[in-house]
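The values are calculated or read from the model by the stated rules, or taken from the named source; none is laboratory data. On a predicted model such as this, the values are computed, not experimentally measured, just so you know. Here the Cβ positions follow ideal geometry from the backbone for every residue, glycine too, while neighbour counts run over all protein chains shown.
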Amino acid sequence: MSAYGHQMEREYSARSLSNRENSGTEMGSRYVMESGFYMTSFAATIFIAGLVTVGVLLITLLIALTVMLQSCQSKSSGVVEIQKASDDCKIFALYAELNSLEADEFPSICRAFASQHIRVGQYARDLNATMLVVENYFSSIMPLNNGLDVVLIDIDDILSSNPHHTNPLMHRFDQFGCSDCIEEAKHLKHLLIFRLYMKLQASGWPLILLSRKSRRQQNATVGHLISAGYSGWTSLIMRSDDEVHMDGCEYFSKRRAVMQKSGFHIAGVISSHMDALTGPYLGKRIFKLPNAIYYSLERQIGKSVPE
């Protein structure tokens, strides 16, 4: 081969080698760029600190949500337990009325609910709902013009109010922060009974008033009724001397039997006391006005309090 040929071969070999080195360098650069990225130590520290902060915040949020959930569950459970206890006390109060239980047989926890029953407005709702039932019934029927269709109303709830009488239960309710609860409940019942009385009278119903008190107290009773706004009743029934020691249910049954034999038709009997709502000759409807829970206690303690 000529000297010129050798020179050309050497130049070609040198160019080929250079091209392979450059190609290797470019491939190496692409490999580095595709496999990762470069980060300084300061940037890495900030990045890790950020991740730790986010993690701590997430854990704190999770703990807070857990605590809030447990608190809500605890409150809900407490409300359910209070409502259940209140319902249980209402049922026991009715059971005590039906069976004339002694005050000592009344659960102690219900003495606290006795005041709460009034304070939270449950007794007012019960009483208003019952009055609505009574009013709806009598607005759907009309009495005959002969005056023989009558309504019997127990007035002893009205007569029980005496501003000069010290209630034996008041000190029991002081400990629950509701010393006025008893009088408040009585006032509400008197107000609604009076409203019902006026509506029945305006609708033309003859009204016969019932009382467990002796006929010897008739003048005082009439005076009390008139001062309370009651007037225009058809008859006021009170115990005769031979009925004073008679059981309440027997006494009322006897008087209703006399009315029926006299030609009266009893359209309804209204009372919050069971003795006036049991026995024969009750007529078409009976309406039990609700008592506040305290009534089961007051009724038994009142037996030892002279009139």
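Among the residues of the range 126-152, the ones that are touching a helix residue (DSSP H, G or I) at 6+ places or on another chain (Cβ under 7 Å) and either among the hydrophobic types (A, V, I, L, M, F, W, C) or not assigned by TED's automatic domain parsing to the domain that holds I237 (or both) come to 5 in all.
Against the numbered list (1) modelled with pLDDT under 95; (2) in contact with a Lys or Arg (Cβ under 9 Å, 6 or more places away or on another chain); (3) surrounded by fewer than 19 Cβ atoms within 10 Å (Cβ to Cβ), H265 comes up short only at (1). When the range 267-283 is filtered for residues that are in contact with a Phe, Trp or Tyr (Cβ under 7 Å, 6 or more places away or on another chain) and not in a strand (DSSP E or B), the ones remaining, listed by number, are D275, A276, G279.
Assess whether N167 counts as being exposed (fewer than 14 other Cβ atoms within 10 Å of the Cβ) and either modelled with pLDDT of 90 or more or in contact with a helix residue (DSSP H, G or I) (Cβ under 9 Å, 6 or more places away or on another chain) (or both).
Details: exposed (fewer than 14 other Cβ atoms within 10 Å of the Cβ): no; either modelled with pLDDT of 90 or more or in contact with a helix residue (DSSP H, G or I) (Cβ under 9 Å, 6 or more places away or on another chain) (or both): yes.
The answer is no for N167.
Condition test on H245, is it assigned to a loop (DSSP other than H, G, I, E, B), at pLDDT below 95 and either surrounded by fewer than 18 Cβ atoms within 10 Å (Cβ to Cβ) or in contact with a strand residue (DSSP E or B) (Cβ under 6 Å, 6 or more places away or on another chain) (or both)? Considered against the rule, which asks whether it is assigned to a loop (DSSP other than H, G, I, E, B), at pLDDT below 95 and either surrounded by fewer than 18 Cβ atoms within 10 Å (Cβ to Cβ) or in contact with a strand residue (DSSP E or B) (Cβ under 6 Å, 6 or more places away or on another chain) (or both), H245 comes out as yes.
Every residue, every condition in (1) buried (at least 16 other Cβ atoms within 10 Å of the Cβ); (2) in contact with a Lys or Arg (Cβ under 9 Å, 6 or more places away or on another chain), yes or no:
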{"residue": "L200", "(1), (2)": "yes, no"}
{"residue": "L210", "(1), (2)": "yes, yes"}
{"residue": "I226", "(1), (2)": "no, no"}
{"residue": "R239", "(1), (2)": "yes, yes"}
{"residue": "G283", "(1), (2)": "yes, yes"}
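Among the residues of the range 231-255, those identified as within 37 Å of the chain's Cα centre (by Cα) and more than 19 Å from D157 (Cβ to Cβ) are D247, E250, S253.
Residues being modelled with pLDDT of 80 or more, within 30 Å of W205 (Cβ to Cβ) and over 25 Å from the mean Cα position of the chain (by Cα) are entirely absent from the range 113-136. For the condition surrounded by 14 or more Cβ atoms within 10 Å (Cβ to Cβ), part of a loop (DSSP other than H, G, I, E, B) and touching a residue at least 60 places away in the same chain (Cβ under 8 Å), W233 does not qualify.
Could you go through the range 43-65 and let me know if any residue there is assigned to a helix (DSSP H, G or I), in contact with a Cys (Cβ under 9 Å, 6 or more places away or on another chain) and modelled with pLDDT under 80. For the range 43-65, residues assigned to a helix (DSSP H, G or I), in contact with a Cys (Cβ under 9 Å, 6 or more places away or on another chain) and modelled with pLDDT under 80: absent. Considering the conditions (1) at pLDDT 95 or above; (2) within 27 Å of C89 (Cβ to Cβ), D149 is excluded by exactly one of them, (2). If I ask for residues that are in contact with a helix residue (DSSP H, G or I) (Cβ under 7 Å, 6 or more places away or on another chain) and not in a helix (DSSP H, G or I), which ones from the range 180-204 would you list? The one that is in contact with a helix residue (DSSP H, G or I) (Cβ under 7 Å, 6 or more places away or on another chain) and not in a helix (DSSP H, G or I): S203.
Filtered by the rule that a residue be among the polar types (S, T, N, Q) and without any contact (Cβ under 8 Å) to a residue 40 or more places away in the chain, the range 184-225 gives Q201, S214, Q217, Q218, N219.
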